[in-house]
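Below is one structure, written out as structure tokens, with a few remarks after it.
The values are calculated or read from the model by the stated rules, or taken from the named source; none is laboratory data. Not measured: the values here are computed from a predicted model. Heads up, the Cβs are rebuilt from the backbone with ideal geometry, glycines too, and the neighbour counts pull from every protein chain shown.
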Amino acid sequence: MIQIIRANDRFFANHGWLKSYHSFSFGSYYDPNNMNFGPLRVLNDDYVAPLRGFGAHPHEEMEIVSIVLKGYLRHEDSTGESATTTFGGVQRMTAGTGVIHSEVNPSKDEEVNFLQLWFLPEEKGLTPSYENTTFSIEKMKDDWLPIVTKNPQSAEVAHIHQDLTIYLTEMDKGIERSFEQSKQRKTFVFVLEGEVLLNGGHTLGKRDSARIDQEENVTFTATKSAQIMLIDLP
């Protein structure tokens, strides 16, 4: 089963300094039929004005991943961790038993655009932790590049307390790429840039997404140069 969600069908919240598109129920947007997809609970596509951001606030019992697409994002938290990330970097935070953090755009003149994803952890009561990793942007053209997973095999891949993997890929026009997995798992697809044909019958443009269940093979053909985020979920 493939469910397509168009970019314009996402909930849009405009707070002036923050413009945010919600793929799932979040904040003032509540839809009991759109709470999650497997353990994927939140996907916000955020645009934050220069020198603005989310001040210190608490989280608990959630795995939080921030992927910067443009600009810079500054993180600080109550565990003593801090980092500034741009495209090519991933911030992973385990809220666990409780953590306070802030996320701010440190630039004086450039907007930051980043994806924030929340995942339900495999278990509760985890010790809060933070990780900042960097991946090779060039390797996105080779295949599905893992950037977050439960059992990372490289320092370039962030660890997460859930049986999932976040992949990124970049495809030139005309390139075809497939992803295979068990029918018992789920696949979430989010087009970052460009346009692709999914399984030969669904055209996905920039910021369109697909929730895929009970499919063993998913094929993408780039009808324009494209960047895709794919999440393999239980």
Meets criteria (in contact with a strand residue (DSSP E or B) (Cβ under 8 Å, 6 or more places away or on another chain) and surrounded by fewer than 17 Cβ atoms within 10 Å (Cβ to Cβ)) for Phe119: no
Qualifying residue in the stretch 34-45 (condition: over 16 Å from the mean Cα position of the chain (by Cα) and in a strand (DSSP E or B)): no
Residue list for the stretch 162-178, restricted to those being touching an Asp or Glu at 6+ places or on another chain (Cβ under 8 Å) and of a type outside the set (A, V, I, L, M): Gln162, Asp163, Thr165, Tyr167, Thr169, Arg177
Total residues in the stretch 125-145, condition under 16 Å from the mean Cα position of the chain (by Cα) and farther than 18 Å from Glu193 by Cα: 5
Residue, surrounded by the most Cβ atoms within 10 Å (Cβ to Cβ), within the stretch 31-62, restricted to residues that are on the phi > 0 side of the Ramachandran plot and in contact with a Pro (Cβ under 7 Å, 6 or more places away or on another chain): Gly38
Glu156 within 18 Å of Thr85 (Cα to Cα), surrounded by 17 or more Cβ atoms within 10 Å (Cβ to Cβ) and among the charged types (D, E, K, R): no
Matching entry among Ser225, Ser182 (being at pLDDT below 95, surrounded by fewer than 17 Cβ atoms within 10 Å (Cβ to Cβ) and either over 19 Å from the mean Cα position of the chain (by Cα) or assigned to a strand (DSSP E or B) (or both)): Ser182
The lone exception for Thr127 - which of (1) in contact with a His (Cβ under 9 Å, 6 or more places away or on another chain); (2) among the β-branched types (Val, Ile, Thr); (3) not in a strand (DSSP E or B) it fails: (1)
In the stretch 189-222, the residues that are in contact (Cβ under 8 Å) with a residue 60 or more places away in the chain and part of a strand (DSSP E or B): Phe190, Leu192, Leu198, His202, Leu204, Ser209, Ala210, Arg211, Ile212, Asp213
Residue in the stretch 188-200 that is nearest to Asp232 (Cα to Cα), counting only those that are crowded, with 21+ Cβ neighbours inside 10 Å and within 14 Å of the chain's Cα centre (by Cα): Phe188
